[in-house]
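Report on the following structure.
The values are calculated or read from the model by the stated rules, or taken from the named source; none is laboratory data. What you see is a predicted model; the values in this text were computed from it and never measured. All Cβ positions, even for glycine, are placed from backbone atoms using ideal geometry, and neighbour counts span all protein chains on display. Heavy atoms of the whole protein, side chains included, go into the accessibility calculation; ligands, DNA and RNA do not. Shrake-Rupley method; radii C 1.70, N 1.55, O 1.52, S 1.80 Å.
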Amino acid sequence: MQLLNTKHTVETANITEIGNFNIAANSQSFRILSDNLYSDKVTAVLRELSCNALDSHKQAGQTRPYEIHLPSVFEPTFSIRDFGVGLSHENVMNLFSTYFSSTKSGSNDLIGGFGLGSKTPFSYTDSFTVISCFNGIKSTYNAFIGANDFPQIAKLCEEPTTEGNGVEIEFAVKQNDFNEFADKLSRVVRYFDIKPIVNGNSRYNPKDIDYSLDKGFWKIRKSHSYSSGRSCNIIMGGVAYPVNFDLSGHAAKQTKFIQEILNSPFDIFAEVGSVSVNPSREALNYRENDIKYIIDVLSKIEKQITEEVKNSY
């Protein structure tokens, strides 16, 4: 996802000294970015790792589904395996050990961009395995919370392989969380064009969304549909973002009809980057440009519905 970089011009004629702000690399800052950032840690892990897999497949032109193993009594681990571009040793060490390091922040063709998603397993566990197959070499790494509560990554081994490129991430899951992983994965992938191949837990059940009305870029969910209630969603890159911002302060631009849309089960399908999202990717940012986009697209829907009602007489 292309990230918005705002440039500012500042008058510095009478300034004698300027100091840059920095972020201290300590256990607290890492814990905030890996753990405290997410209100729903299991969903965050499933969403971010799945989006990374989809991005890698898109980069590689790969059409086969990625694969997920859900934890069960017999195999109490979660794993996700993509068949995309894979990662070289240098990329593994850089991307997994450097927060905000991303190869996707300049493109809206890809879902990710903040450089945080690959670290989300740390919001659930203190240790996870990374296996990268890249150009005939299979390398295994352990990412873990080390001394002084700092996250670290260590290369364990490498060997020749005939497997195609791709990355696998695996970690142990507490028994009480087995069903939560299955249920929440069912929700995470519900809007994905290509859903993963999943094994390990029979509770996984990714029901399709049922729509009572389909107008292309917007649709109305049926009341019984497997969805997030009656809220209006913006769907970008297969991720649903509820539109729950109060537009009352923008009364000059909105109508009562628009407010009704916001309170109804509309799904609005937008290109990645149409509106900005917060770093956790759990919600929209609602910056000025975001609000303008939301109001514009809702106004377009209102106009389309009004014209269709008029033409029906």
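Working only within the stretch 147-166, note down all residues that are under 27 Å from the mean Cα position of the chain (by Cα) and either open to solvent by 100 Å² or more (accessible area, probe 1.4 Å) or among the basic types (Lys, Arg) (or both). Once the filter is applied, which keeps residues that are under 27 Å from the mean Cα position of the chain (by Cα) and either open to solvent by 100 Å² or more (accessible area, probe 1.4 Å) or among the basic types (Lys, Arg) (or both), the stretch 147-166 yields only Lys155. Answer yes if at least one residue in the stretch 174-189 is more than 21 Å from Pro65 (Cα to Cα), open to solvent by less than 50 Å² (accessible area, probe 1.4 Å) and in contact with a strand residue (DSSP E or B) (Cβ under 6 Å, 6 or more places away or on another chain), and no otherwise. Checked the stretch 174-189: no residue is more than 21 Å from Pro65 (Cα to Cα), open to solvent by less than 50 Å² (accessible area, probe 1.4 Å) and in contact with a strand residue (DSSP E or B) (Cβ under 6 Å, 6 or more places away or on another chain).
Selection of the stretch 9-63 for residues being open to solvent by 20 Å² or more (accessible area, probe 1.4 Å), hydrophobic (A, V, I, L, M, F, W, C) and modelled with pLDDT of 75 or more yields Leu37, Leu54, Ala60. Can you tell me which condition Val130 does not meet? The list is (1) open to solvent by 10 Å² or more (accessible area, probe 1.4 Å); (2) free of Cβ contacts under 8 Å to residues at least 60 places away in the same chain, and all the others hold. Evaluating Val130 over (1) open to solvent by 10 Å² or more (accessible area, probe 1.4 Å); (2) free of Cβ contacts under 8 Å to residues at least 60 places away in the same chain leaves (1) as the failure.
Taken as a whole, the condition of being at pLDDT below 95 and in contact with a helix residue (DSSP H, G or I) (Cβ under 6 Å, 6 or more places away or on another chain) applies to Phe122. I'd like the residue in the stretch 261-313 that is part of a strand (DSSP E or B) and within 22 Å of Ala44 (Cβ to Cβ) and, out of all such residues, is modelled with the highest pLDDT. Here the residue is Asp267.
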